[in-house]
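The values are calculated or read from the model by the stated rules, or taken from the named source; none is laboratory data. Please read all numbers here as calculations on a predicted model, not as lab measurements. Ideal geometry is used to build each Cβ from the backbone, glycine not excepted, and the neighbour counts take in all protein chains shown. Only protein heavy atoms, including side chains, enter the accessible area calculation; ligands, DNA and RNA are left aside. Shrake-Rupley method; radii C 1.70, N 1.55, O 1.52, S 1.80 Å.
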Amino acid sequence: MEVPGFVLAAEPLPPTPLPQGEGENIVPTRIEGCRNFMNDSLFTEDVKLAPYWWDHVPRPSLPVVAPPATADVVVIGSGYTGLCAALQTARGGRATVVLDAEDAGWGCSTRNGGQISTSVKPDFATLTHRFGADRARRIIKEGQNSLAWVASFVAEEGIDCDFRIAGRFHGAHTPAQYEALGRRIATQPNGLEVEAHMVPRTEQRRELGTDAYFGGVLFSQHASVDPGRLHQGMLDRVLAAGATMIPHCAATAIGREGGGFRVEHAGGSIAARNVVVATNGYTGALTPWLRRRVIPIGSYIIATEPIPRETMARLMPRDRVVSDTRKVVYYYRASPDGQSILFGGRVSHDETDPKVSGPRLHAEMIRIFPELARVRISHSWAGFVAYTFDEMMHVGVQDGLYYAMGYCGSGAGMAGYLGTRIGQQVLGRKEGTTAFDGLPFATRPYYWGTPWFLAPAVAYYRWRDRMAA
Ligand SMILES: Cc1cc2nc3c(=O)[nH]c(=O)nc-3n(C[C@H](O)[C@H](O)[C@H](O)COP(=O)(O)OP(=O)(O)OC[C@H]3O[C@@H](n4cnc5c(N)ncnc54)[C@H](O)[C@@H]3O)c2cc1C
């Protein structure tokens, strides 16, 4: 049993401008069109258009290192995928260089909501139809493995990142969805059951202080984490393992050379035996084959200013992570210190600015928790996740390049898990094998990396959600 996506749980969908506004800390104190406060701002005076997590773990200032001329392994992208691949190869004795076009961890890995699920979106029946029962079973199991992997990785590595088996309340936005959830829970495939309990609407307030849902399901093993601290813990270990991290160094071209590759960057090039592409929602012209297969979609999120403790205790009595059955999903949780709510989702058809998405997310938040109408936004930010045409993550080797990506908005656990596996594959280790190996990675005619179909697809699914509700 898997919960739908964090952005959209559906077919093709996004354009690629980077979210604007980061680096600017202040936005105008009054936003045109805000419906919730008549004469006041929805934003705190010192609102940041940057991730909440960066307050506690700023992007690291690393010593300036000149990129080497050679390496055994070049990893492109320094999120969870890239760092976990690098950790394996560096510990496996390979001279490893990690490049990022921006700061270390600038992408989704330090922007996400910190909700960890079993990640695989298609259900068992769909997977069986596509790949047969045996492969379907192994794929569902990989989702469960990824959740378990985070818990053991954090424990074994001793990473202090507020990792907690918080449990997820997944709210039904219609009575029909509640019935459907019940059927799915009752018919989980043998041997693949996950701990899940139906919560009827009459008991919902035990889980969440709202009547906005028609009941829901509790996935008791889903977890929460501080994504920034998790990323920092990974980075510290990668550096300790002897890898070199070079921020602000975009890979600009990859060519074959001898039995290996030459990775070009603005300051020169690196000759490497192996290359791992770990660019997920930021995959660009560097790797055209991959770019045609991942669909970058903006996901938007806000954090609130501190909320009184009694209010938080009423709204989030069990401190769960929360999502819902909409196709265009809203996801939220309390901050690790229990003071703020982090509320995310997709609030526009086209990509937009965190100044615009912030008030819209706020409006959705107070639809669920009306008493938060006067609580302001302290942070508003966004990032690009990578969807795929089959709603599956993909891992493999193309033209000699290793890659893992396409987590469809659910990579907080899966990205590190598959990064680890792809790193093991580079080392030729059999534990690197995954149930995703060798699966077809489809594209569509006329898709080159700019998702012209996103706006109509989002509009359609939002309309369907509204009609259903
Ligand atoms: C707002 C938001 C909320 C989310 N919430 C959740 C959640 O609660 N739970 C969940 O499971 N998932 C969530 N996700 C998704 C999750 O964060 C991602 O799936 C995961 O972090 C992907 O990790 P990654 O390492 O593959 O990619 P990223 O962390 O995005 O890293 C990719 C990196 O590649 C770099 N790069 C790109 N091109 C180049 C180049 N040419 N040269 C060098 N570097 C390059 C980029 O600069 C970037 O730093 C969320 C995402 C967002 C944006």
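Take 158-164, 227-233 and order them by the average number of nearby Cβ atoms within 10 Å per residue, most first; the result is 227-233, 158-164.
If the segment from Asp123 to Met198 were pulled out straight at 0.36 nm per residue, it would be longer than the present Cα-Cα gap by 25.2 nm. For Gly215, the amide hydrogen comes within under 5 Å of the amide hydrogens of Ala172, Arg201, counting only partners 5 or more places away or on other chains and with H modelled in the peptide plane.
Couplings 3J(HN,Hα) of the stretch 290-304, computed from phi: 5, 4, 6, 10, 10, 10, x, 10, x, 10, 10, 8, 10, 10, 8 Hz, in residue order, whole Hz [Karplus 6.51 cos²θ - 1.76 cosθ + 1.60, θ = phi - 60°; x for Gly and Pro]. Relative to one another, the C-alpha centroids of the stretch 114-143 and the stretch 333-348 are positioned 28 Å apart. List the lysines whose Cα sits under 23 Å from the Cα of Lys355, skipping any in the same chain fewer than 8 residues away. The reachable lysines, counting only those whose Cα sits under 23 Å from Lys355, are Lys48.
Listed peptides 296-305, 353-362 appear in the order 296-305, 353-362 once ranked by packing, highest mean of other Cβ atoms within 10 Å at the front.
Spin-label pair Glu310-Asp236: with each label point 7 Å from Cα along the Cα-Cβ axis, the two points sit 3.9 nm from one another.
Considering every alpha-carbon pair of the chain, the percent of pairs per 10 Å bin, from zero through the bin containing the longest distance, is 4, 21, 32, 27, 12, 3, 0. What is the stretch 237-376 by shape, rounded, prolate or oblate, if you read a ≥ b ≥ c off the alpha carbon gyration tensor as root eigenvalues and call it rounded for a/c under 1.5, prolate for a/b larger than b/c, and oblate otherwise? Prolate shape, in that a/c is at least 1.5 and a/b is the bigger ratio. Straight-line reach from Lys327: taking Cα to Cα under 20 Å and skipping same-chain neighbours fewer than 8 places apart, the aspartates and glutamates in range are Glu2, Glu11, Asp123, Glu179, Asp211, Asp350, Glu351, Glu364, Asp390, Glu391, Asp465. Think of the stretch 129-271 as having a plus end and a minus end, set by charges on the Cβ of Lys, Arg, Asp and Glu; of Ala186, Ala251, Val225, Ala186 sits farthest toward the positive end of this dipole. Under the convention that each Lys and Arg Cβ holds +1 and each Asp and Glu Cβ holds -1, the size of the dipole of the chain around its Cα centre is about 960 debye.
Carbon and sulfur together cover what percent of the accessible area of the chain at a 1.4 Å probe radius? Carbon-and-sulfur percentage of accessible area, whole number: 52.
Working note: Karplus 6.51/-1.76/1.60 with θ = phi - 60° gives the stretch 258-264 the couplings x, x, x, 9, 10, 9, 8 Hz, where Gly and Pro are set to x. Using a simple spin-label model with pseudo-atoms 7 Å out from Cα toward Cβ, Thr174 and Met467 lie 0.9 nm apart. Is the C-alpha gyration tensor of the stretch 81-136 telling us rounded, prolate or oblate? Criteria: a/c under 1.5 is rounded; beyond that, a/b larger than b/c is prolate, otherwise oblate. Oblate. Using R0 = 41 Å, the C-beta based FRET efficiency linking Ala455 and Thr187 works out to 0.70.
In terms of the Cα gyration tensor, with a ≥ b ≥ c the square roots of its eigenvalues, is the stretch 118-275 rounded because a/c is under 1.5, prolate because a/b exceeds b/c, or oblate? It is prolate, given that a/c is not under 1.5 and a/b is the larger ratio.
Ordering Phe369, His394, Gly158 by the projection of their Cα atoms onto the charge dipole of the chain, which places +1 on the Cβ of Lys and Arg and -1 on the Cβ of Asp and Glu, puts His394 at the extreme positive end.
For the pair Thr44 and Arg135, a Förster radius of 35 Å applied to the C-beta separation gives a FRET efficiency near 0.10, rounded to the nearest 0.05. Solvent-accessible surface of the chain, averaged per residue with a 1.4 angstrom probe and all protein chains in place: 38 square angstrom.
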